[in-house]
Amino acid sequence: MDTYESFFSPGGILNEQIARQLFNVLPEENVVIVMIDEDGNSRPSDSERFSKLNLSDAFLKELCEKIDDGEEPVVTQSDEMSIVASAVCGDETKCGYVIIVLPQYSPESTLANMDLIEIILSQIDLIAKLIEKNNQLYERQTKQLGAFCGSGTSSN
């Protein structure tokens, strides 16, 4: 497999674009969000804090497999943090997965806030759909502009 194939796939590009938009609006403290593409490449909102959480690649892969098996959202506990994971999809493209890490959340506090967490997951899907539509519009405009410029005749 080509090293850059996942980055240039529609899902990989969309995953990166979602991560950039999402990470720009996150508060500086508390929550760590990790975007994972279809090939298992992860993009944490805060690399330093994420590395301190000691979440192994095998653990993250297991979360993604549970999602693929139909368990969604996946809610689990690791040490003194709650973890919520879900798939991220546009209208036409599966963009990968989102992992929300809530440090110092007990299972009880996570379940008490589950409605709010599901709203956040829905908003992430909405971001994916809007970026996907924007990309499609840009692509169509570029094709139309190319067709328009190519069909003109020289005035010399």
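Structure above, values below:
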| quantity | calculated |
| --- | --- |
| Of all residues making up segment 61-71, the number that are within 15 Å of the chain's Cα centre (by Cα) and closer than 26 Å to E108 by Cβ | 3 |
| Test: residue in segment 97-120 that is modelled with pLDDT under 90, surrounded by 11 or more Cβ atoms within 10 Å (Cβ to Cβ) and either touching a Pro at 6+ places or on another chain (Cβ under 8 Å) or at positive phi (or both) | no |
| Subset tally (residues that are over 18 Å from N30 (Cβ atoms), free of Cβ contacts under 8 Å to residues at least 40 places away in the same chain and charged (D, E, K, R)) for segment 84-128 | 2 |
| Of all residues in segment 1-45 being among the acidic types (D, E) and assigned to a loop (DSSP other than H, G, I, E, B), the one that is modelled with the lowest pLDDT | D2 |
| The one condition in (1) at pLDDT below 95; (2) not in a helix (DSSP H, G or I) that L130 fails to fulfil | (2) |
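The values are calculated or read from the model by the stated rules, or taken from the named source; none is laboratory data. Source: prediction; values computed, not measured. Every residue, glycine as well, gets a Cβ built from its backbone with ideal geometry; the counts of neighbours run over all protein chains shown.
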